[in-house]
Amino acid sequence: MSDDHTRVQEFFTARAADWDARFPDDGPAYRAAVGELGLRPGDRVLDAGCGTGRALPALRDAVGPNGVVLGADVTPAMLESAVRAGRDRAGHLLLADVARLPLKAESLDAVFAAGLIAHLPEPAENLRELARVVRPGGLLALFHPIGRAALAARQGRRITPDDLRAENNLRPLLAGSGWHMTSYADEDARFLALAVRRA
């Protein structure tokens with residue numbers, strides 16, 4: 001495991017037990033973002049870097065009982081918290097690195113990724129891996145329940161010009177990774193960038 005993955009696991013392992021309690025009001029933002037992804041009944045969707053699985057119930061509601069919902073995370077403690085919260089009933093949980101997903105090419109209709117991009121060790125490569133598992137024309141949602149400025153303030157830092165989530169950085173990053181960004185919103189209440197996989 002790379003040093004990047006070890007740091008990510010250590011960071012989230014230390015916070016897994018009380019993660020949901022720290023952010024109790026995020027549910028409506030997750031549900032709204034899933035709604036904007038435009039999933040249909042029967043779709044196959046991955047929550048990449050699912051953490052405690054907060055998006056899984058909304059994803060299940062969107063794809064219905066005949067759809068497929070997967071949640072992948074590299075930190076066992078986060079998946080254990082998802083199970084304790086009962087969210088494993090909404091989707092199948094995978095202990096997996098989003099850089100090397102155990103999924104066939106073009107096997108999904110969409111990927112939902114909340115708070116993921118800041119933790120990717122190789123963003124361009126990792127976004128290419130997400131594109132690999134999504135069919136042409138499939139969708140990607142990069143989401144955070146608060147916007148960049150609000151998140152920076154919460155963490156006691158300033159937004160820097162090299163922030164991957166800045167539109168002028170994210171658009172070419174996605175384009176070089178097999179995606180075309182179709183919408184971008186960075187507000188205090190949320191961050192949401194939607195993209196479609198190019199053929």
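For the reader, a short list of remarks on this structure follows.
- Segment 95-112, residues that are more than 19 Å from Phe143 (Cα to Cα) and within 14 Å of the chain's Cα centre (by Cα): Ala96, Leu101
- Subset of segment 61-73 (residues that are touching a Gly at 6+ places or on another chain (Cβ under 6 Å) and farther than 18 Å from Leu130 by Cβ): Asn66, Gly67
- When the residues of segment 1-22 are filtered to those that are exposed (fewer than 15 other Cβ atoms within 10 Å of the Cβ) and of a type outside the set (D, E, K, R), the one that is modelled with the lowest pLDDT is Met1.
- Matching helices (runs of 4 or more DSSP H) fully within segment 78-189 where at least 2 residues are among the basic types (Lys, Arg) and open to solvent by 70 Å² or more (accessible area, probe 1.4 Å): 123-132
- Tabulated pairs, segment 21-37, first without any contact (Cβ under 8 Å) to a residue 40 or more places away in the chain, second open to solvent by less than 80 Å² (accessible area, probe 1.4 Å) and assigned to a helix (DSSP H, G or I), C-beta under 6 angstrom, 6+ apart or interchain: Arg31/Ala58
- In segment 58-77, residue surrounded by the most Cβ atoms within 10 Å (Cβ to Cβ) [restricted to those that are aliphatic (A, V, I, L, M) and not in a helix (DSSP H, G or I)]: Val69
The values are calculated or read from the model by the stated rules, or taken from the named source; none is laboratory data. Here the structure is a predicted model, which is why all the values come from computation and not from measurement. Backbone-built Cβ (ideal geometry, glycine too); neighbour counts: all protein chains shown. Keep in mind that these areas ignore ligands, DNA and RNA; they rest on the heavy atoms of the full protein, side chains included. Shrake-Rupley method; radii C 1.70, N 1.55, O 1.52, S 1.80 Å.
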